[in-house]
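As structure tokens, the structure follows; a few thoughts come after it.
The values are calculated or read from the model by the stated rules, or taken from the named source; none is laboratory data. Just so we're clear, the structure is a prediction, and the values are computed from it rather than from any experiment. Note that we place each Cβ from the backbone using ideal geometry, even for glycine, and neighbour counts take in every protein chain shown. Note: accessible area is taken over every heavy atom of the protein model, side chains too, but ligands, DNA and RNA are not part of it. Shrake-Rupley method; radii C 1.70, N 1.55, O 1.52, S 1.80 Å.
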Amino acid sequence: MSLKSFFTKENTPNNRDWKEKNKGYLRQLQKFLDVADNIEREDLRKSVIAEMLKCDMILTELAERQMKLLSRR
């Protein structure tokens, strides 16, 4: 699976407001991207960003599963 297809709307639910509107999350994401922009080698910069986004997606899915389990109680 390519990075582009990994983050398409078909692969991500629309109910991520809990994360995507969180000011703390957005601030930290922006800090990370600002630091990553200083990586001179483009291939390395893209690779670092891609790996962080994959990690973010996995953590998001774990959080959503936990929220779903808690909402069933």
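Scanning the stretch 48-66 for residues that are open to solvent by 60 Å² or more (accessible area, probe 1.4 Å) and free of Cβ contacts under 8 Å to residues at least 40 places away in the same chain turns up Glu51, Cys55, Ile58, Leu59, Glu61, Leu62, Arg65, Gln66. Filtered by the rule that a residue be surrounded by 10 or more Cβ atoms within 10 Å (Cβ to Cβ) and assigned to a helix (DSSP H, G or I), the stretch 35-47 gives Val35, Ala36, Leu44, Arg45, Lys46, Ser47.
Being more than 17 Å from Ala63 (Cα to Cα), at pLDDT 75 or above, surrounded by 10 or more Cβ atoms within 10 Å (Cβ to Cβ) and in contact with a helix residue (DSSP H, G or I) (Cβ under 9 Å, 6 or more places away or on another chain) holds for only one residue in Phe6, Phe32, and it is Phe32.
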